[in-house]
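Worksheet: the structure to be examined is printed underneath.
The values are calculated or read from the model by the stated rules, or taken from the named source; none is laboratory data. Since the model is a prediction, treat every value here as computed from it, not as a measurement. Quick reminder, even Gly has a Cβ in these numbers, built from the backbone with ideal geometry, and neighbours come from all protein chains shown. Note: accessible area is taken over every heavy atom of the protein model, side chains too, but ligands, DNA and RNA are not part of it. Shrake-Rupley method; radii C 1.70, N 1.55, O 1.52, S 1.80 Å.
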Amino acid sequence: MLHESRGNTEDPQGGELTVPMAWLYAEYIADELLRTGDLMPPTSFEYRAGRDALALTIFLSDSRGELSGIRVITQLETWLSLTEYDQLWQEWVRERMDLLLEDAAVTGVPSPDLDLAELAWRWLEETELLAPDLDAVPGGGALPGEEDGPKVWTPAWRLGLPLGHLAIQLF
């Protein structure tokens, strides 16, 4: 990724400290999209799932390191199509992560951006959140007046992805 900043700050071993600018920028864009949509409190796990899913989508779709400024607006359609319900987003993320990990292994250059993306992906896959079971009611919705319908444990990415998609649409 081209968005790395290398300053004259040194780590304890005397090497250069690399700032994960590409990941931080992707996370910032995701956060702004979600805040603008005002879909849920920023302190909730659901919000984190949406932010991480969107940040991964943004980070992994930026294959040429060109994500900056006005280019964000031109990418909204791409992110919208990647986060659609009928897309195989989870497989796409795995494939892109595998490619980036292979590239990093071949070059031998550490990538703090990729490290943070891996952490987010691991959290999205391994964390389960209690959510309404939309399949339990015919028609896919809760019964009128029933706030506490049936709930199921759902992987965080399955909640975060539609939340991120809706945030993009609302933007």
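What number goes with the only condition from (1) open to solvent by 50 Å² or more (accessible area, probe 1.4 Å); (2) under 15 Å from Ile168 (Cα atoms) that Pro110 does not pass?
Single failed check for Pro110: (2).
Looking at Glu125, is it more than 17 Å from Gly164 (Cβ to Cβ), at pLDDT 85 or above and either assigned to a helix (DSSP H, G or I) or not charged (D, E, K, R) (or both)? Quick ask: steps written out before the conclusion?
Values: more than 17 Å from Gly164 (Cβ to Cβ): no; at pLDDT 85 or above: yes; either assigned to a helix (DSSP H, G or I) or not charged (D, E, K, R) (or both): yes.
Spelling it out, it is not the case that Glu125 is more than 17 Å from Gly164 (Cβ to Cβ), at pLDDT 85 or above and either assigned to a helix (DSSP H, G or I) or not charged (D, E, K, R) (or both).
List, please: which pairs have Cβ atoms under 6 Å, are six or more places apart or on different chains, and start with a residue in region 43-67 that is at pLDDT below 90 and end with one that is not aliphatic (A, V, I, L, M)?
Correct list of pairs: Ser61/Thr78.
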